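A.B. asks: Structure provided below as structure tokens; questions to follow.
The values are calculated or read from the model by the stated rules, or taken from the named source; none is laboratory data. The shown structure was predicted, so the numbers you read here are calculated from the model rather than taken from an experiment. Here the Cβ positions follow ideal geometry from the backbone for every residue, glycine too, while neighbour counts run over all protein chains shown. Please note that ligands, DNA and RNA were not included when accessible areas were found on the heavy atoms of the full protein model with its side chains. Shrake-Rupley method; radii C 1.70, N 1.55, O 1.52, S 1.80 Å.
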Amino acid sequence: MKFGGTSVGDDKCIGRVVSIIDHYYKTGSEIAVVVSAMSGVTDQLHAIAEEVEKSPDNPPIESFIASLRTKHKKILDLVAKDESEAVMNEIDIRLENLKNILTAVHNLRELTPRSKDYIISFGERLSAQIVSAALRQAGISSVPLNGCEAGIITNSNHGCAHVLPESEPRIKSRVVPLMQDGVPVIMGYMGCTEQGIVTTLGRSGSDYSAAVVGAAIDADEVWIWTDVDGIMTSDPRIIDDARVIPAISYLEAMELSYFGAEVLHPRTIEPAMQKGIPVRVKNTFNPSAEGSCVLADEHRDERVVKAITFIDKVSLINLAGAQMFGRPGVARSIFTALAESQVNVMMISQGSSESNISLIVDDEHLNSALKALNHVQQSGYIREVTFDRDVSAVAVVGVGMAGAPGIAGRVFTALGRANVNLMMISQGSSEVNISFVVKHEDGKKALRVLHDEFRLSEDSQ
Ligand code: ADP
Ligand code: ASP
Ligand code: MG
């Protein structure tokens, strides 16, 4: 069971988490828990890390540590009063470490990917101590484990590390014995390299931690507890009548999360899928709701389109040049240059004349991408590189789309009727999604139009 940031956001939320775990534990389940940092804490850690690096004057390190301490102490006192002093001593040791590293970053004015990962992993270090203490207060034996202690070994791609296969036996041997007579609480989002250097798994990476742990211990199910009733037909913050999808395939869930459905980290599904473990998404604030179940079975209903997702803050890059036509190796040099600059390409589309390739990258990666492409341009095959910053990518997702004629026609007719101009279109050969790019101001409109076109707010049963 993984509990997200809002699920452990304050003393009342942690109270709910404890009663959920207590209920399943007392009724015979063996449980390992993965927790996120309390909501907002990881953002604050990112911000202070950047600030101490850049600030020419004395940055507010002391006051930052003091406010983090106050926030966690207040909650700890309420959820684990018997042990609050002992646990606070543990927390103080960690806060002292955090203060020292922030001071070092400031003195050197250098924030390396390594030191940044160490800093931003502190949210989970603190929340896991508190959730574990709260479980003990409720009479359940529990120890907190950091990612490294839990056996999560990653590559050294700081900020977005991959978990390595050798983690599996380690996780199993460290976590399973602790589940025999208690509930271990593992700090999500973090792991370490073979050398013991702390790494993080990318924003929202605790979902990925949970799937990795679940797969390693051969769990019957992985449950992601969050603040909505399940995986929905669209982002409920934008589409107010979005509906919970009761059953969804691994492939669909992967596409949804990859194309912006924040409810699951994009890498969550893979470890579970490899072992055929169902992933259930449930609401901590409404635990009796069934939630969504992600399964191998495709569970086709008559609905071919399951959901519409949306990613904001992406950039479109167009590469043009008649010389690109029929020349082997052009695509290789483009994508090698981007990969070497650590740019993640989210979508690709190539015109049939081969004189044009369009790419979508995160806004954050635009400058590095342009720099890398400038280099390739000097080879002479690419005449022009143009870009549009801050566009939106929308994806229509559903396994039933494969082999159902006319879906693309409906998508583009509906968008045309609503005057939404398409800047780029892409469809994978698996036909699980049709994705396209529109101007930022058209993104939400496109979502609304397609949610209505495919009647996703109506119950399919
Ligand atoms: P947690 O802190 O529990 O990990 P997140 O904020 O990462 O929670 O993810 C849950 C949020 O994802 C929801 O509150 C919802 O606003 C958002 N969301 C975006 N798209 C979807 C979707 N298709 N289905 C469900 N939630 C979605
Ligand atoms: N705390 C991390 C984040 O905010 C990881 C997570 O919540 O899953 O991104
Ligand atoms: Mg999340």
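A.B. asks: With a 1.4 Å probe and every protein chain kept in, tell me what percent of the accessible surface of region 84-155 is carbon plus sulfur.
C.D. replies: Here carbon and sulfur together make up 49 percent of the probe-accessible area.
A.B. asks: Using a 1.4 angstrom probe with every protein chain in place, what is the largest-first accessible-area order of Ser204, Ser426?
C.D. replies: Per-residue accessible area, sorted high to low, gives Ser204, Ser426.
A.B. asks: Given Lys275/Lys313; Lys306/Lys444; Lys12/Lys172; Lys116/Lys445; Lys2/Lys444; Lys282/Lys439, which pairs have Cα atoms separated by over 27 Å?
C.D. replies: Pairs exceeding the cut-off: Lys275/Lys313; Lys12/Lys172; Lys116/Lys445; Lys2/Lys444; Lys282/Lys439.
A.B. asks: What number, rounded to the nearest 500 deg cm²/dmol, is the helix-based mean residue ellipticity at 222 nm of the chain, given -39500 (n - 2.57) per DSSP H run of at least four residues and division by all its residues?
C.D. replies: Value at 222 nm, helices only: -12500 deg cm²/dmol.
A.B. asks: Please get the size of the charge dipole for region 269-348, origin at its Cα centre, with Cβ charges of +1 on Lys and Arg and -1 on Asp and Glu, quoted in debye to the nearest 20.
C.D. replies: 160
A.B. asks: Keeping every protein chain present and rolling a 1.4 Å probe, give me the accessible area per residue for region 1-103 in Å².
C.D. replies: 48
A.B. asks: Please give every one of the aspartates and glutamates within straight-line cross-link reach of Lys81, meaning a C-alpha to C-alpha distance under 17 Å, and leave out same-chain neighbours fewer than 8 residues apart.
C.D. replies: Reachable aspartates and glutamates: Asp10, Asp11, Glu90, Asp92.
A.B. asks: Just name one of Gly123, Val420, Gly9: the one whose Cα is farthest towards the positive end of the charge dipole of the chain (beta-carbon charges, Lys/Arg +1, Asp/Glu -1).
C.D. replies: Val420
A.B. asks: Further question on the same structure: Mind jotting down a quarter of the surface of the convex hull over the alpha carbons of the chain, in square nanometres, one decimal?
C.D. replies: With the hull built on Cα positions only, its mean projection is 23.5 nm².
A.B. asks: Further question: Take each of the peptides 303-309, 206-212, average the number of other beta-carbon atoms within 10 Å over its residues, and list them starting from the highest.
C.D. replies: Result, highest mean first: 206-212, 303-309.
A.B. asks: Show me, bin by bin at 5 Å from 0, the whole-percent P(r) of region 1-134 based on Cα pairs.
C.D. replies: So the P(r) values, bin by bin, are 2, 10, 20, 20, 17, 12, 9, 5, 2, 1, 0, 0.
A.B. asks: Only bridges with both residues in region 179-303 count here: give the DSSP antiparallel percent, nearest 5.
C.D. replies: Around 45 percent of the beta bridges assigned by DSSP in region 179-303 are antiparallel ones.
A.B. asks: With both partners inside the chain, how many of the DSSP beta bridges are antiparallel, as a percent to the nearest 5?
C.D. replies: 70
A.B. asks: If every alpha-carbon in region 303-435 counts as one equal scatterer, what log10 I(q)/I(0) does Debye give at q = 0.15, 0.17, 0.20, 0.22 1/Å?
C.D. replies: Each listed q maps to, in turn, -0.78, -0.96, -1.17, -1.29.
A.B. asks: List the cysteines in the chain whose Cβ has no other cysteine Cβ under 4.7 Å from it.
C.D. replies: When partners are defined as cysteine Cβ atoms under 4.7 Å apart, the chain leaves Cys13, Cys160, Cys293 without one.
A.B. asks: Per residue, what accessible area does region 245-308 have, given a 1.4 Å probe and all protein chains present, in Å²?
C.D. replies: Heavy-atom accessible area per residue stands at 40 Å².
A.B. asks: Can you compute the charge dipole magnitude of the chain about its Cα centre, using +1 on each Lys and Arg Cβ and -1 on each Asp and Glu Cβ, nothing else charged? Give it in debye, rounded to the nearest 20.
C.D. replies: 500
A.B. asks: Rounding to the nearest 20 debye, state how big the charge dipole of region 161-311 is about its Cα centre with +1 on each Lys and Arg Cβ and -1 on each Asp and Glu Cβ.
C.D. replies: Dipole magnitude for region 161-311 comes out near 320 debye.
A.B. asks: Residues with beta-carbon under 15 Å from that of Met424, excluding Met424: net charge, scoring Lys, Arg +1 and Asp, Glu -1?
C.D. replies: Here the count lands on -1.
A.B. asks: Rank Gly28, Pro144, Cys192 by how far each Cα sits towards the positive end of the charge dipole of the chain (+1 on Lys, Arg Cβ; -1 on Asp, Glu Cβ) and give me just the farthest.
C.D. replies: Going by the Cα projections, it comes out as Cys192.
A.B. asks: So for Lys282, Lys54, what's the accessible-area order with a 1.4 Å probe, most first?
C.D. replies: Order by accessible area, largest first: Lys54, Lys282.
A.B. asks: Further, regarding this structure: Does region 112-205 come out rounded, prolate or oblate by the C-alpha gyration tensor, with a ≥ b ≥ c the root eigenvalues, rounded set by a/c under 1.5 and, if not, prolate when a/b is larger than b/c and oblate if not?
C.D. replies: oblate
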